[in-house]
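Have a look at the structure below before the remarks.
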Amino acid sequence: MHVLVCGGAGYIGSHTCVALAERGHRVVIADNFSNSAPPVLERLARLTGQAPDARRVDVRNAAALAALFAGHRFDAVIHFAALKAVGESCERPLDYFDNNISGTITLLQAMRAADVRRLVFSSSATVYGEPQSVPIDEDAPLSSTNPYGRTKLVMEQLIGDVCTADPGFQAISLRYFNPVGAHPSGLIGEAPNGVPNNLMPYICQVAAGKRERLQIYGGDWPTVDGTGVRDYIHVMDLAQAHVHALEKLDGVRGHLPLNLGAGRGISVLELLRAFETASGREIPYRIVDRRVGDVAEVYADPSRAERLLGWRTQLDVDAMCRDAWRWQSMNPDGYAET
Ligand code: NAD
Ligand code: WQD
């Protein structure tokens, strides 16, 4: 298929572009590089044997999108382009509404004008808010606890409404749980700006000596060892799920939300120990107060995605830690030095 990948230079998008190329799909990347760096394109060329077709395009720019659709006959769009930091979204909610929601509206309008009616959308487990029970299936109540989460919820609803209005529109929203890890080559991975918000990149930077110690947010949660439990999923498994979703879109009626997780909860301390084994480094830590907005346990029931996509996770927590550490070791400053 000929696919437009919005936000394809980012962490999950770049891994997905490799998986798409390996399956013989033709990709055009549209990214404004607001949270990624052009050197990733050279890494993609090394991994796929071909320079990627990438354009500096902001999805809020209707004219730029129209020009892109006019020059290609896309079969589908994969939409990763969004701002994603929860804390930042509380400080700059309007920027998040504009970038994520306005960007999605402009993209949907451009798709309609070009008669492209297949979409794979990056959603998130954040649409479940504070889950009432685990594992979480797709019928669980939806809510939001912060502006970022609200944008994901609204974007899903917009896509659902477009599908209702136009029965020919086919969309899958992939609700990722906690993506971690990197390509096993060590050539592409997650390159956060500044202090990482998320656990795995923070652990990586402690292991590399860039940060003194991990702060564990709460040791008194009602969990296996008192620390928070999440459903970590290897980014390589996530990338494969996008290829499966793309190839199954044709059989979808309307809007289909699917959970992407391993279906297994792992605590902060369990992840930390697995990382120490994978890296051979000790990770100093201190248990501090709970982080505002956190919950004890979040993990997926991924059975619907398994059934409908014919996909399931293949890579365990040891592979997640090994690959995250390889990426960190080979690229101590992310893409900065390439
Ligand atoms: P990322 O920031 O690495 O990638 C997003 C990409 O989109 C970046 O390259 C950025 O430059 C680009 N972008 C942002 N706004 C844009 C715009 N207006 N126009 C064009 N490009 C734009 O993030 P990621 O971790 O790869 O996440 C990809 C998607 O998955 C996001 O939509 C995110 O909300 C969602 N998601 C991520 C996680 C996670 O933990 N990483 C979890 C659940 C959902
Ligand atoms: C995981 C666990 C923390 C950092 C976030 C977003 C969510 C989604 C994925 C996009 C928790 C603990 C963390 C640290 C810690 N993103 N932790 N010390 O919060 O599950 O999800 O990213 O859609 O929307 O909210 O991920 O990696 O931040 O935290 O103890 O320095 O690690 O308390 O238990 P989270 P996380």
(request) May I ask for the equivalent-ellipsoid semi-axes of the range 220-273, computed as the square root of five times each C-alpha gyration tensor eigenvalue and listed largest first in whole Å? (result) 32, 13, 5
(request) Mind computing the radius of gyration and Dmax over the alpha-carbon atoms of the range 153-205? Å is fine for both. (result) 17.1, 47
(request) Report the paramagnetic label zone for E130: residues of the range 285-313 whose backbone N is under 17 Å from a point 7 Å from Cα along the Cα-to-Cβ axis. (result) 290-299
(message) With every protein chain kept in place and ligands, DNA and RNA left out, what is the accessible area per residue of the chain? Probe 1.4 Å, answer in Å².
(response) 43 Å²
(message) What FRET efficiency comes out for R273 versus H2 if R0 is 45 angstrom and r is the Cβ-Cβ distance? Round to the nearest 0.05.
(response) 0.50
(message) Given points 7 Å out from each Cα along the Cα-Cβ axis, report the D316 to A62 separation in nanometres with one decimal.
(response) 5.3 nm
(message) In whole percent, and with a 1.4 Å probe on the protein chains, what portion of the accessible area of the chain is carbon and sulfur?
(response) 47 percent
(message) Place a point 7 Å from Cα of R253 in the direction of its Cβ. Which residues in the range 140-164 have their backbone N less than 14 Å from it?
(response) 164
(request) Give me the lysines in straight-line cross-link reach of K84: C-alpha distance below 18 Å, same-chain residues under 8 apart excluded. (result) K152
(request) Quick one: grab the alpha carbon gyration tensor of the range 1-93, order the square roots of its eigenvalues as a ≥ b ≥ c, and give me rounded if a/c is under 1.5, else prolate or oblate depending on whether a/b is larger than b/c. (result) oblate
(message) Need one word for the range 34-88: rounded, prolate or oblate. Basis is the Cα gyration tensor (sqrt eigenvalues a ≥ b ≥ c); a/c below 1.5 gives rounded, then a/b vs b/c decides.
(response) oblate
(message) As an exercise, identify the GluC sites (Glu not before Pro) in the range 241-338 lying in DSSP coil whose Cβ has no more than 15 other Cβ atoms within 10 Å.
(response) E282, E337
(message) What are the equivalent ellipsoid semi-axes of the range 257-309, built from the alpha-carbon gyration tensor (square roots of five times its eigenvalues), in whole angstrom, biggest first?
(response) 28, 17, 7
(message) How much of the DSSP bridge set in the range 76-201 is antiparallel, in percent, rounded to the nearest 5?
(response) 0 percent
(request) Quote the relative contact order of the chain in percent (integer), defining contacts as alpha-carbon pairs under 8 Å separated by 6+ residues. (result) 19 percent
(request) Do me a favour and compute the ellipsoid semi-axes for the range 122-173 from its Cα gyration tensor, root of five times each eigenvalue, largest one first, whole Å. (result) 22, 13, 8
(message) Applying a 10 Å radius around every beta-carbon, put 258-269, 212-223 in order of their mean neighbour count, most first.
(response) 258-269, 212-223
(message) I need the calculated FRET efficiency for the pair E212 and E88, taking r as the beta carbon distance and R₀ as 22 Å, to the nearest 0.05.
(response) 0.40
(request) Determine the percent antiparallel among the DSSP beta bridges restricted to the chain, to the nearest 5. (result) 5 percent
(request) Give the whole-number value, in cubic angstrom per residue, of the convex hull volume spanned by the C-alpha atoms of the chain. (result) 121 Å³
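The values are calculated or read from the model by the stated rules, or taken from the named source; none is laboratory data. A quick note: this is a predicted structure, and the numbers were derived from the prediction, not measured. Positions of Cβ are generated from backbone atoms using ideal geometry, with glycine treated the same way; all protein chains shown enter the neighbour counts. To get the accessible areas, we keep the full protein, side chains included, count just its heavy atoms, and leave off ligands, DNA and RNA. Shrake-Rupley method; radii C 1.70, N 1.55, O 1.52, S 1.80 Å.
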